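Taking it in order: structure first as structure tokens, then the write-up.
The values are calculated or read from the model by the stated rules, or taken from the named source; none is laboratory data. Since this is a predicted model, take the numbers as computed values, not measurements. Neighbour counts are summed over all protein chains in view; Cβ atoms, including those assigned to glycine, are modelled from backbone coordinates with ideal geometry. These accessible areas exclude ligands, DNA and RNA; they are computed on the full protein's heavy atoms, side chains included. Shrake-Rupley method; radii C 1.70, N 1.55, O 1.52, S 1.80 Å.
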Amino acid sequence: RLDPAYGGGGRQRAQRVIEIGLLTGRPLSWWQRQADEEGLMRPWYVRLTLPRPVLHRRIEQRAALMLKAGWVEEVRRLLAQGVAPDAPGLDGVGYREIVQYLGGALGEAALPQAIVISTRRYAKRQETWFRHQLVGQPVLTLDATDEPDQLARTIIQRWEERGA
């Protein structure tokens, strides 16, 4: 009722649609239509990509570091405090696998790889989503293995070329 054009999209999107409707008195679809019609936004996208082997290595390293830093203990503490295993936040990538491990559904040896696999799948879904969202949009795609200073210079140069 807050936005007749709302077509679904999950709990977080629904929450955002409700927030916007209640706070502004207008549905999200109205704001989006206004932005399109009045040209209020001229988005320009910078997309950072990584070669798959680099991305996979970084995912593995990050999961290992987080586990070593006490990720399992963090989740164990939350569950002990009464947070439901399916609570928002604990259903996220990595947390879901740790909850399974703590519940006995996943072995300790399998935990790191389960987190890595789940994260890789999520990264692939993100890539697909961005690829489809950005069709027909101005996009600057850069290799994120380049040095940050070089990436920044390239972005600034392209921004200035656009006359923005």
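Amide H neighbours of Leu142 under 5 Å, at least 5 residues apart or on other chains, H built in the peptide plane: list them.
Arg47, Leu48, Thr49
Please get the size of the charge dipole for segment 23-67, origin at its Cα centre, with Cβ charges of +1 on Lys and Arg and -1 on Asp and Glu, quoted in debye to the nearest 20.
Roughly 320 debye for segment 23-67.
Hey, can you find the accessible area per residue of segment 23-98 for me, probe 1.4 Å, expressed in square angstrom?
69
Expressed as a rounded percentage, what relative contact order does segment 74-158 have, with Cα pairs under 8 Å and six or more residues apart?
18
In the chain, carbon and sulfur make up what percent of the accessible area (probe 1.4 Å)?
Ligands and nucleic acids excluded, carbon and sulfur reach 53 percent.
Relative contact order for the chain using alpha-carbon pairs under 8 Å, separation at least 6, rounded to a whole percent?
With pairs under 8 Å counted, the relative contact order is 27 percent.
Modelled label-to-label distance, Glu37 and Met66, 7 Å Cα→beta-carbon offset: nm?
4.3
Could you size up the charge dipole of segment 12-161 around its Cα centre, putting +1 on the beta carbon of Lys and Arg and -1 on that of Asp and Glu, and report it in debye to the nearest 20?
Computed about the Cα centre, the dipole is about 340 debye.
What's the extension gain from Gln133 to Leu23 if we count 0.36 nm per residue and subtract their Cα-Cα distance?
This chain segment gains 36.9 nm when fully extended.
Quick one: what do you get for the chain if you divide its Cα Rg by 2.2 N^0.38 Å?
After normalising by residue count via 2.2 N^0.38 Å, the value is 1.35.
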